[in-house]
4 protein chains.
Amino acid sequence: MVGGGEGAYIGNIHRISARFDGAFQLVAGAFDADAARGHRFAATQGIDPTRSYDDFKAMIAAENGREDRIDVVAICTPNHTHFPIAKAFLEAGYEVICEKPLTNTLEDAIALEQLVRETGRFMGVTYTYSGYPMVHEAREMVAAGKLGAIRVVQVEYPLEWMATAIETAGNVQAAWRTDPKRSGRGGSVGDIGTHAYHLAGFVTGLKLEALTADLASFVEGRVLDDNAHVLLRYEGGARGLLWSSQVALGCSNGIRLRVFGEKGGLTWFQEQPNELTFSPLFGRTETIKRGADDLSEAAKARTRTPPGHPEGYLEAFANLYRGFAEAIRARREGREATAIGLNAPTAYDGLKGVAFVDAVVDSAEAEGQPWLKPYAV
Amino acid sequence: MVGGGEGAYIGNIHRISARFDGAFQLVAGAFDADAARGHRFAATQGIDPTRSYDDFKAMIAAENGREDRIDVVAICTPNHTHFPIAKAFLEAGYEVICEKPLTNTLEDAIALEQLVRETGRFMGVTYTYSGYPMVHEAREMVAAGKLGAIRVVQVEYPLEWMATAIETAGNVQAAWRTDPKRSGRGGSVGDIGTHAYHLAGFVTGLKLEALTADLASFVEGRVLDDNAHVLLRYEGGARGLLWSSQVALGCSNGIRLRVFGEKGGLTWFQEQPNELTFSPLFGRTETIKRGADDLSEAAKARTRTPPGHPEGYLEAFANLYRGFAEAIRARREGREATAIGLNAPTAYDGLKGVAFVDAVVDSAEAEGQPWLKPYAV
Amino acid sequence: MVGGGEGAYIGNIHRISARFDGAFQLVAGAFDADAARGHRFAATQGIDPTRSYDDFKAMIAAENGREDRIDVVAICTPNHTHFPIAKAFLEAGYEVICEKPLTNTLEDAIALEQLVRETGRFMGVTYTYSGYPMVHEAREMVAAGKLGAIRVVQVEYPLEWMATAIETAGNVQAAWRTDPKRSGRGGSVGDIGTHAYHLAGFVTGLKLEALTADLASFVEGRVLDDNAHVLLRYEGGARGLLWSSQVALGCSNGIRLRVFGEKGGLTWFQEQPNELTFSPLFGRTETIKRGADDLSEAAKARTRTPPGHPEGYLEAFANLYRGFAEAIRARREGREATAIGLNAPTAYDGLKGVAFVDAVVDSAEAEGQPWLKPYAV
Amino acid sequence: MVGGGEGAYIGNIHRISARFDGAFQLVAGAFDADAARGHRFAATQGIDPTRSYDDFKAMIAAENGREDRIDVVAICTPNHTHFPIAKAFLEAGYEVICEKPLTNTLEDAIALEQLVRETGRFMGVTYTYSGYPMVHEAREMVAAGKLGAIRVVQVEYPLEWMATAIETAGNVQAAWRTDPKRSGRGGSVGDIGTHAYHLAGFVTGLKLEALTADLASFVEGRVLDDNAHVLLRYEGGARGLLWSSQVALGCSNGIRLRVFGEKGGLTWFQEQPNELTFSPLFGRTETIKRGADDLSEAAKARTRTPPGHPEGYLEAFANLYRGFAEAIRARREGREATAIGLNAPTAYDGLKGVAFVDAVVDSAEAEGQPWLKPYAV
């Protein structure tokens, strides 16, 4: 692991997820920009001191020389460092798991995604919500035609914790999210809007044709957007609305997807992730429960407990890790991956996310509210 | 009453609402374009046969000559006839209650609204959702500053019953809604989007600065939109999203409003109208119940039963009727109206609705997705 | 109408309900124990002064002499006066609509129910919750075997407004409810437990075999129970739990029914009365909406608006009134009642309610917690 | 670990929970009654083959002789074997984590609980629901007096998966649950009713004074109860209702607690475990979210992610494991446990559960429905 040391929220999430199902062992790392602090942290994790490194370059150099060198590196550093770190590991032949966004600029994202293809390494990007079993169930239902042709997509990700200028009051998490140098061009749209965009595309399988966006920065002094409204037009004619907000009082991590097709509609809400509702044309709305016997293999492969014993965010994250492990193993073993290893979010998904942010900001900044198509869809 | 005879859904709703609280008596009418059928219907309502008229002109002529002439006429005819009928009654000195939309064209709406001002008569337009007590509570909360400056408005009105081409399969309600001659330029946006637009403006008190819209007609053969996505910019900087849809499988009359301000957020959903949630800045979300002791006079005046005994759509509609009655009486008596008579939806609200539809369609039809400001806001 | 004058909550509910569908006209009454106040109230209702009576005896005497004498009397007086008033009207040949409970003592209830049978008059008792369309739908589903043999019944009616000693602080509604002289032997169990008991029996069609009960009076100084827990055994083997409470903080009028059979389960909650959920054996839970096309005639006859436009308590109450009207008309015309007139709550239902309270109190007061069977089931 | 081998549902849950936070390492086990199968399973878990034992006796004998002997054993065997295994480990000086129920008979439970006290070892019993952070929050709220004196407790645990005779159709999980030899005297009441009973006692801190119960076996051929209704009387005057059911169609693991006091009411539902509602006397119901800043230390110590990222059953189970670890460490280090180590469910809780089942069955079997007090409360 690179980054994710003491006090790092997402680093801890990655570690819990990695050991959840026993598919990974954390054996080496460069956990902190402050090397000494990184070493102290490594000790708390039971890492062999010789494999706690000063920085990622030292890590690559040393691991390269080991028989038992790591297979996969997880990158949990600030966004603007994803690119050089991922590049170095890929070029050294390692598989990579990376936090989203892939990179802070579209150029870097394009380059990195190309590098992944050239090296043939695996690069997984943690679009967490695609780890939820009922999100896979929704995707399978759409793919199986249960909704018919998709007409309307409503997706949103509102939250409230950045509703005041906490970035100037010592909140580290808010500070980097509101700093263009560390977060790129997108504020809410980059932080959470990309999750919503990925979720909508993941479930529907639709590709974006064009978007037009309206961004706002409500909190005084904030440079990046903290609220984004985006009109979506998908190839084939479906239309969508995307809303992301960091100032939506009352909302915690309210990512919600509603998809309406010719033959059915479905809804999923991350805060009650064990359920999916399905509304067949002029029929009764049904509640589909995680763990039910009649679900898809994709959903079953991502569930551990029976219906009614809720699984949540960490289980979803752990599903990504299990999926990455299986995807890597299957490739190495030259076989097809089993259900858990299919449809893992990749560098290309990461590229799409960065391209989406770029197009949204371009659209919002332009005069005359043009419809734009992202670089990659 | 003009229109609203046998088989008319909305006519029956108007009659139930009018007698709900005993504020009106139905004593005369021209209930049907087919005069004989109208007379038969009048008989079922206990109307004096001499006051069942062949058409609205006969009605005005005859009522003008009576001592006990009607005070108020309710117009429940197809949209495109609202204008001439309302005009005739207003010019003859009657007060008018009219279904929305006010008219089918912006020109007519402008003219009619001006006529109302010139005649000094009352003209109420049945924007039903502003009859709900908890909608008034929300409005009072915003007005009292409990949300602080408004930042974000999310409003939607999805429904499903027009998801197939039922207009070509004998459904009368769908037939006029999808016919530009009878419904004007707006499909879903005119039928239900205007309700959503009115609700958002009613609660927040915000005036629109500009909008940009994307319309779609998903059902084959449908000319008017059956799905509308609208970006909203309000004066003062608030941003909004409006969605109306007639093809949203699983949704019945899902009009829902969420408002987020600097100090609080609130949500209201028409299908559970007795509750309002309020989320103070970084505090706990509270459920506010209709009937509670600490509500505003505006809400209390519109409630009949204690918390937990649900009131619904008909009570809301009846509240409009009570409000119209009180507004008229107060004006006639030269006094201020009591709470029930305040903030009744008027001809100007009707004009705003027609202007909104016009701007939405203009925006959607234009190249380059321009931001437009409706004629009246 | 007898009783229900100025300030009477339930009297107003009866009047709204009676005129809701135009089935009744209020033409005469003895509205108040204080005759002068009753006459003033009658004037506000547009009652002919000659038909505003000093008391119910004067009312019967005078109405008997009129050609246009009333058909039906609604009794909205305090519980302990139901018996003599109903008796007098029945014996004079009038039909009667009476608030629940039928009477305050089992003896009176038995006598009154017998009198109804002897006179052949109609006596409707306003068990309000059986006026809801989705309650009828539930009943029809059970009757049609969709749940199979019933195994378990869970019914509850919690509320909060009597959680403190408001009866000693001027609350008139609480005062009579906590006074054995005016309310009989039951506190919460009489006031609201009987509603729950009726609802459970109405939907399931089951007859009680035995009960055992535990009563408590939590509020200081309160003589009657304000919380009741009752174990139910139904004929045929089904088991049930009934809970009524006047001290359940957070609950408004939370009457809720859950029924579990061999083949399906269903739930209904009065505060969201437009929905019913149905869970077929090992299948997906479905939400059934009031107004849907595939509902029973019993439900359709009790609905006025399409799905998504909520109907509530007053509509349910009005359905009882429409049902009483149709039941009376059908009997007078010697024909079968249409759907709205079927299964109206009768004097026998009222008797069952009084018998239930009696058995509950007997069980709770006895040593050794015996299983008792109510007098009438 | 003893038991919990191949195909064992609960064994897997224990393992995930144990490694969740890195507090335990699985290093030895006797995983299966079929020793060979147990060894095969051990290999899949990376267990040193010399520490995969034929049975628990061999395990104790061998581990006793090791320097690096295990600290704690987790017992995941069938219920009727808990007693001898736990006894043997305790007597050999090990700490024990045991699935509920503690034992199958009251005598064994009494003896085992006494043994725990005599040996001074720690014995944790996995009453899972007390691992949820919002359950701890509820307990802290009650303890802090926010509800005032408790009046009414409503607790239930309905599920549906045993609604047919699956025990005779090859379902292993159902087979032992319905077999008195393996499950003791309680059916649903032992399997899930004890969870409900523990949850109610855990949150309220109340001790039972007496109970009276009604048991039913609805599924043909089933000997043990599959539905239990229990009236509860707590010391100090609070009253309760407990319902457990294995035949409640539509319910998955619907354990729900509602507590009503003089000053407030609260509700918690395991299927949406990240929320708690609190209703102050005559105030507005508030939703309290896991992860909020103003929660108790007890809740915070059991939470890993911010509000809106749901945690579930496995996190709760892992919290028990972390709590056991901390409780053991604190005792060994002679210090007070930190928040995570407090209030862990112990052998005494296990004894109370067994005593509860015993009293429920005694009450149900007796004539005249007596009020009984369990052996331990």
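The values are calculated or read from the model by the stated rules, or taken from the named source; none is laboratory data. Small disclaimer: the values here were computed from a predicted structure and weren't measured. Here the Cβ positions follow ideal geometry from the backbone for every residue, glycine too, while neighbour counts run over all protein chains shown. Accessible surface is based on the protein model in full, side chains and every heavy atom, while ligands, DNA and RNA are left aside. Shrake-Rupley method; radii C 1.70, N 1.55, O 1.52, S 1.80 Å.
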Matching option when the condition is over 14 Å from A:VAL360 (Cα atoms) and surrounded by fewer than 24 Cβ atoms within 10 Å (Cβ to Cβ), among A:LEU199, A:LEU206: A:LEU206
Within segment C:112-141, the residues that are part of a loop (DSSP other than H, G, I, E, B) and crowded, with 21+ Cβ neighbours inside 10 Å are C:ARG121, C:PHE122, C:THR126, C:TYR127, C:TYR132
Name the pairs: first residue in segment D:273-288 and facing chain C (nearest Cβ under 7 Å) and farther than 20 Å from B:ASN274 by Cβ, second residue assigned to a strand (DSSP E or B) and open to solvent by less than 30 Å² (accessible area, probe 1.4 Å), Cβ to Cβ under 9 Å, at least 6 apart or on different chains? D:LEU281/D:GLY261; D:LEU281/D:GLY264; D:LEU281/D:GLY265
Scan segment C:238-257 for residues that are more than 17 Å from the chain's Cα centre (by Cα) and open to solvent by 30 Å² or more (accessible area, probe 1.4 Å) and report the count. 1
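From the list A:GLU297, A:GLU262, which one is touching a helix residue (DSSP H, G or I) at 6+ places or on another chain (Cβ under 6 Å), surrounded by fewer than 24 Cβ atoms within 10 Å (Cβ to Cβ), more than 12 Å from chain D (Cβ to nearest Cβ) and at pLDDT 95 or above? Steps first, answer last, please.
Values: A:GLU262 fails: touching a helix residue (DSSP H, G or I) at 6+ places or on another chain (Cβ under 6 Å).
One residue alone meets the criteria, A:GLU297.
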Failed criterion for A:VAL223 (all others in (1) within 13 Å of chain D (Cβ to nearest Cβ); (2) part of a loop (DSSP other than H, G, I, E, B); (3) hydrophobic (A, V, I, L, M, F, W, C) hold): (1)
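Given the options B:TRP161, B:TRP176, name the one that is in contact (Cβ under 8 Å) with a residue 12 or more places away in the chain and in a helix (DSSP H, G or I). Full working, then the answer.
On the way: B:TRP161 fails: in a helix (DSSP H, G or I).
Of the residues listed, the single one that is in contact (Cβ under 8 Å) with a residue 12 or more places away in the chain and in a helix (DSSP H, G or I) is B:TRP176.
Please report, ordered by residue number, the helices (runs of 4 or more DSSP H) entirely within segment C:1-97 with at least 3 residues that are within 14 Å of another protein chain (Cβ to nearest Cβ) and open to solvent by less than 10 Å² (accessible area, probe 1.4 Å).
Numbers: elements: C:9-20, C:35-44, C:56-64, C:82-91.
So the answer is C:9-20.
Residue by residue, here is whether (1) in contact with a Gly (Cβ under 7 Å, 6 or more places away or on another chain); (2) in a loop (DSSP other than H, G, I, E, B) holds:
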{"site": "C:ARG185", "(1), (2)": "no, yes"}
{"site": "C:VAL189", "(1), (2)": "no, no"}
{"site": "C:ALA196", "(1), (2)": "no, no"}
{"site": "C:VAL203", "(1), (2)": "no, no"}
{"site": "C:GLU209", "(1), (2)": "no, no"}
{"site": "C:ALA228", "(1), (2)": "yes, no"}
{"site": "C:ARG233", "(1), (2)": "no, no"}
{"site": "C:GLY237", "(1), (2)": "no, yes"}
{"site": "C:GLY240", "(1), (2)": "no, no"}
For segment D:142-151, does any single residue satisfy the condition of being at positive phi, out of contact with any strand residue (DSSP E or B) (no Cβ under 7 Å at 6 or more places or on another chain), at pLDDT 95 or above and in a loop (DSSP other than H, G, I, E, B)? yes
Restricting to segment A:172-188, and then to whatever is modelled with pLDDT under 95 and polar (S, T, N, Q), can you tell me which residue is farthest from A:ASP358 (Cα to Cα)? A:GLN173
Positions within segment C:327-340 being surrounded by 20 or more Cβ atoms within 10 Å (Cβ to Cβ) and closer than 13 Å to C:PHE122 by Cβ, in sequence order: C:ALA327, C:ILE328
Among the residues of segment C:27-46, which ones are touching a His at 6+ places or on another chain (Cβ under 9 Å) and closer than 18 Å to C:ILE97 by Cβ? C:PHE31
Failed condition for C:PHE24, given (1) touching a helix residue (DSSP H, G or I) at 6+ places or on another chain (Cβ under 6 Å); (2) under 30 Å from C:TYR375 (Cα atoms), with all others met? (2)
For C:ALA344, work out the one condition from (1) within 21 Å of the chain's Cα centre (by Cα); (2) surrounded by fewer than 24 Cβ atoms within 10 Å (Cβ to Cβ) it doesn't fulfil. (2)
Could you grab me the full set of residues in segment C:306-332 that are at the interface with chain B (Cβ under 9 Å from one of its Cβ atoms), touching a Leu at 6+ places or on another chain (Cβ under 8 Å) and within 23 Å of C:ILE97 (Cβ to Cβ)? C:GLU311, C:LEU314, C:GLU315
Matching option when the condition is open to solvent by 30 Å² or more (accessible area, probe 1.4 Å) and under 30 Å from B:PRO306 (Cβ atoms), among C:PRO306, C:PRO273, C:PRO280: C:PRO306
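State all residues of segment A:98-111 that are part of a helix (DSSP H, G or I), under 17 Å from A:SER183 (Cβ atoms) and in contact (Cβ under 8 Å) with a residue 12 or more places away in the chain; if no residue qualifies, say none.
So in segment A:98-111, the residues part of a helix (DSSP H, G or I) come out as A:106-111.
Applying the additional criterion that residues be under 17 Å from A:SER183 (Cβ atoms) yields A:106-109.
A:LEU106, A:ASP108, A:ALA109, listed by residue number.
Based on what the data block shows, is D:THR303 farther than 29 Å from D:VAL377 by Cβ, modelled with pLDDT of 95 or more and more than 10 Å from every other protein chain (Cβ to nearest Cβ)? Talk me through it step by step, then tell me what you get.
On the way: farther than 29 Å from D:VAL377 by Cβ: yes; modelled with pLDDT of 95 or more: yes; more than 10 Å from every other protein chain (Cβ to nearest Cβ): yes.
Considered against the rule, which asks whether it is farther than 29 Å from D:VAL377 by Cβ, modelled with pLDDT of 95 or more and more than 10 Å from every other protein chain (Cβ to nearest Cβ), D:THR303 comes out as yes.
Looking only at residues that are farther than 14 Å from A:VAL377 by Cα and under 23 Å from the mean Cα position of the chain (by Cα) in segment A:217-232, which one is surrounded by the most Cβ atoms within 10 Å (Cβ to Cβ)?
So in segment A:217-232, the residues farther than 14 Å from A:VAL377 by Cα come out as A:217-231.
Keeping just the survivors that are under 23 Å from the mean Cα position of the chain (by Cα) gives A:224-231.
Numbers: A:LEU224: 21, A:ASP225: 29, A:ASP226: 27, A:ASN227: 26, A:ALA228: 28, A:HIS229: 31, A:VAL230: 28, A:LEU231: 24.
Among them, the one singled out is A:HIS229.
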Only one of (1) open to solvent by 10 Å² or more (accessible area, probe 1.4 Å); (2) touching a residue at least 12 places away in the same chain (Cβ under 8 Å); (3) among the small types (Gly, Ala, Ser) is not met by B:GLY312, so which one is it? (1)
Scan segment B:136-152 and give yes if some residue there is in contact with a Phe, Trp or Tyr (Cβ under 7 Å, 6 or more places away or on another chain), away from every other protein chain (no Cβ under 14 Å) and either under 30 Å from B:ASP55 (Cα atoms) or of a type in the set (S, T, N, Q) (or both), otherwise no. no
Restricting to segment C:323-345, what's the tally of residues that are part of a helix (DSSP H, G or I) and farther than 13 Å from C:THR128 by Cβ? 11
